[in-house]
Amino acid sequence: MALLIRDDVSPLPHPQTSARRPRYFDAALAVLGLAAAFLILMDIGGAPLAAFKLVVCLALPGWVVLSRLPAADRASRLVWTVAASAAVYTTLALAMAWTGFWYPRQGAAVIVLASVCFIVLKPGPYLPGTFVRGAAPGGPRPSAAGGREPHGRSRFNALVPWLSLAAAADLWVYGLATAGNGRLGDFGLLPELPLAWYIAVGLIVGTCVCGIVARKTFSTLLMSAAFSSLVVVLYSSAGLLAEVPRFPWTYKHIAVTNFISATGQVDPSIDIYNRWPGFFALSAYLGEVMGYRNALDYAAWAETGFALVDAVLVLAIVRTISDRARVYWTATLVFTLANWVNQNYYAPQSYSYSLYLAMCLIALTFLRGVPFKWMAGFEKRIRNSRMVQRVKQRHPMTIPSIWERPGSPGQLVACVAILIIQAVIVVSHQLTPYLAVLGLFPLFMSGYFRPRWLGPAMLALPLAYFIPNLAYVKGKYGLFSGFNIFANTGYKPPATDPLTLGAWVLTGQTLAHLAVVLTLGTGVLAVAGFIRRLLHGHVRTTLVVAWLAFAPTLGLLAQSYGGEARFRVFLFALPWLSIGIAWLFWSGPVRTRRAVIGASASLVAMAMLFTVVHFQPEADYRVSKDDVVASQWLDVNTKSGDLVFDTKYFFPLLVGPNYPHYLKWGSVSSLVDYFRRADGNISVEGLRAYADHLRGAENNYVIISEEQKRQAVEKKRFEAEYLPELEGLLENGVGVENVFSNDTVRIYRFKSAG
């Protein structure tokens with residue numbers, strides 16, 4: 001019995017202490033705030049100063065609010081600070097964009113200076129040490145080993161993980177510097193990354209896994225460093241090897257942000273993004289505060305930034321459910337290694353998803369309650385079932401659930417915070433607020449979270465915002481894509497030509513199927529974890545987490561979301577599936593050899609699958625810098641009413657503030673359609689006649705891009721000789737002018753025949 005480790009016992013916060021935060025801490029915050037406000041007002045930029053201004057802006061307003069709260073978990077406090085600041089700036093940015101009163105730098109400086117005044121005049125009553133869950137007012141509690149400092153061999157063993165991380169960092173930098181830069185094929189970046197890069201990933205994954213399964217888990221500082229390193233290495237490598245943001249669909253978001261930044265307002269008549277402008281207004285606002293008027297300058301870092309924030313959010317969520325280090329570090333690692341769907345890029349979805357996790361964290365921390373009688377009766381039936389009783393006989397010592405204790409104080413503030421966050425999500429993304437309601441609404445209505453009225457209030461916010469936009473959405477997209485869950489979930493990996501390697505036939509399509517293996521494997525392990533957890537008698541906590549994992553699938557009953565619903569469902573279920581997998585290995589009262597082997601093998605397999613699935617399709621994602629430069633030239637030089645011809649294959653045409661020009665009917669046409677119409681009889685006169693037939697524009701532009709030509713030919717959109725033949729005719733055509741040229745892109749212009 002002495003070896004029994006009690007799970008799900010989150011220590012209650014320590015009583016408030018009368019000790020005040022040291023004055024030098026307040027002075028440091030005040031000085032940083034004053035320096036940031038000066039740099040913002042003077043518009044002094046540069047990459048290091050931009051990062052400094054962003055960090056201060058995201059820290060101070062949230063810190064002012066959270067410094068008044070009682071003791072809390074460090075991970076929770078970190079993400080709450082960022083979320084609170086983001087909500088403040090989103091609200092201000094939307095007010096400015098909707099009214100056209102666009103003064104971001106002045107507004108940010110006022111907020112920072114107001115935060116400085118509040119910190120100086122009213123220092124918080126708590127020492128930084130007491131912000132740690134379970135930390136005593138006098139300092140941290142002694143370790144399980146009695147608080148002794150390691151000596152001799154133990155000290156050397158403690159240094160080994162740090163040396164491993166340092167070696168991994170060096171190998172990672174060397175690997176990126178020596179990575180191949182040739183044309184990517186069916187295997188994407190996998191053959192371009194050198195052995196040093198793979199060794200670096202192996203060292204970091206090995207450190208994380210060893211820290212989890214070791215007899216005594218590694219220190220929080222070491223695990224935080226290892227996990228942060230893993231997220232950076234996995235989620236930034238592809239972006240660092242690309243000259244511009246990778247994903248083609250990112251550029252539409254960049255264009256909307258640049259439009260708001262250039263005009264200082266939103267225009268709902270343009271597109272759906274201007275009707276849900278929360279993320280774009282915030283991005284334009286913070287971009288100008290940092291000194292960047294073009295979102296292209298910072299959009300590439302969104303993937304790494306959101307991945308880090310989401311990992312900390314998952315860590316904080318699991319720490320509200322369990323104080324076992326193995327459980328919350330395993331869940332965080334699974335979340336990092338199973339998130340293959342590439343939803344962390346610069347997009348409203350990424351921002352709204354982080355806010356959704358923050359909302360769940362607030363509910364789990366402050367609003368948990370005892371379910372109503374009908375639900376408690378259902379729990380009792382499960383608890384008294386024959387199978388559960390058999391397990392209880394083997395492990396008679398029951399472990400209390402977190403829901404058996406009241407939630408933390410601050411319920412009213414938590415309710416207000418959830419409503420504010422939901423409102424910010426509502427104005428930022430069309431789908432996320434409803435997925436949040438699918439998960440949280442039943443938990444409020446069944447009593448797991450209190451007060452009960454907050455569930456209907458969360459549903460009322462998106463409905464109230466959607467009603468004025470109902471006619472627009474119904475006319476442009478339709479409300480439902482069919483009540484066929486199989487059709488809405490359908491997945492077809494891209495077909496590629498087979499490449500024979502030895503005796504094995506390995507194709508890009510085969511590797512694409514590994515994403516299905518990773519997804520199904522994650523789900524199966526999680527379900528097994530939920531079952532094992534229930535058999536150990538943890539009914540209430542398991543039902544809540546299992547429901548949050550299952551609830552997103554209900555969205556597939558009505559919408560395919562343009563074919564992306566299956567990705568969003570997995571993304572919203574993943575944090576809770578990760579908890580289930582952690583429970584599968586660590587629900588037992590003691591650490592066993594079987595659990596160590598199973599956890600190690602599963603985590604290493606996930607790391608291998610993620611690496612392949614994440615980096616293999618890079619050839620389909622990568623955007624050429626020359627294409628982006630050409631698109632920027634077009635955005636500046638074309639006028640409303642001009643006609644642009646391209647191959648319609650991931651060319652980033654929508655990139656700048658003039659992108660609404662291209663949204664008008666007949667402004668962009670595909671060369672593929674012309675080639676089909678010409679049926680091999682390609683000529684300048686024929687193209688001019690076709691252009692006049694479409695629009696009769698004064699200026700017609702034809703884009704010839706080597707990258708787009710290659711991809712269009714590989715996808716068999718037209719015959720390989722068509723585009724070179726057309727370019728040869730344009731070069732010598734009467735009335736045709738080459739108006740732009742770089743290494744891989746040429747743009748030709750000709751006038752209308754009229």
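The values are calculated or read from the model by the stated rules, or taken from the named source; none is laboratory data. Not measured: the values here are computed from a predicted model. Neighbour counts are summed over all protein chains in view; Cβ atoms, including those assigned to glycine, are modelled from backbone coordinates with ideal geometry.
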Restricting to the range 322-340, name every residue that is buried (at least 24 other Cβ atoms within 10 Å of the Cβ) and of a type in the set (A, V, I, L, M, F, W, C). 329, 331, 333, 334, 335, 337, 338
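Residues checked against (1) within 40 Å of the chain's Cα centre (by Cα); (2) under 28 Å from residue 625 (Cβ atoms); (3) among the polar types (S, T, N, Q):
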{"residue": "694", "(1), (2), (3)": "no, no, no"}
{"residue": "710", "(1), (2), (3)": "yes, yes, no"}
{"residue": "717", "(1), (2), (3)": "yes, yes, no"}
{"residue": "731", "(1), (2), (3)": "no, yes, no"}
{"residue": "737", "(1), (2), (3)": "no, yes, no"}
{"residue": "742", "(1), (2), (3)": "yes, yes, yes"}
{"residue": "752", "(1), (2), (3)": "no, no, yes"}
Do we have residue 328 as under 30 Å from residue 545 (Cα atoms), assigned to a helix (DSSP H, G or I) and among the hydroxyl-bearing types (Ser, Thr, Tyr) here? yes
Just checking, which of 612, 604 is surrounded by fewer than 17 Cβ atoms within 10 Å (Cβ to Cβ), of a type in the set (Val, Ile, Thr) and more than 12 Å from residue 703 (Cβ to Cβ)? 604
Helices (runs of 4 or more DSSP H) enclosed by the range 563-662 - at least 3 residues per element that are under 22 Å from the mean Cα position of the chain (by Cα), in contact (Cβ under 8 Å) with a residue 60 or more places away in the chain and closer than 24 Å to residue 234 by Cα: 565-586, 593-615, 618-621
Let me confirm something: among 232, 244, which residue is surrounded by fewer than 23 Cβ atoms within 10 Å (Cβ to Cβ) and at pLDDT 95 or above? 232
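Yes/no per residue for (1) under 20 Å from residue 452 (Cα atoms); (2) at pLDDT 85 or above; (3) of a type in the set (Gly, Ala, Ser):
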{"position": "360", "(1), (2), (3)": "yes, yes, no"}
{"position": "363", "(1), (2), (3)": "yes, yes, yes"}
{"position": "366", "(1), (2), (3)": "yes, yes, no"}
{"position": "369", "(1), (2), (3)": "yes, yes, yes"}
{"position": "372", "(1), (2), (3)": "yes, yes, no"}
{"position": "386", "(1), (2), (3)": "no, no, no"}
{"position": "390", "(1), (2), (3)": "no, no, no"}
{"position": "396", "(1), (2), (3)": "no, no, no"}
Restricting the search to the range 672-708, which residues are in contact with a Leu (Cβ under 7 Å, 6 or more places away or on another chain) and outside any strand (DSSP E or B)? 674, 682, 683, 684, 691, 694, 695, 697
Quick check on residue 120: is it surrounded by fewer than 17 Cβ atoms within 10 Å (Cβ to Cβ), at pLDDT 75 or above and not assigned by TED's automatic domain parsing to the domain that holds residue 35? no
Taking into account only those residues within the range 252-301 that are over 17 Å from the mean Cα position of the chain (by Cα) and hydroxyl-bearing (Ser, Thr, Tyr), which is nearest to residue 104 (Cα to Cα)? 285
Note: among 228, 219, 237, just one is within 24 Å of residue 57 (Cβ to Cβ) and not assigned by TED's automatic domain parsing to the domain that holds residue 33, namely 228
How many residues are modelled with pLDDT under 90 and closer than 22 Å to residue 201 by Cβ when one looks only at the range 322-342? 3
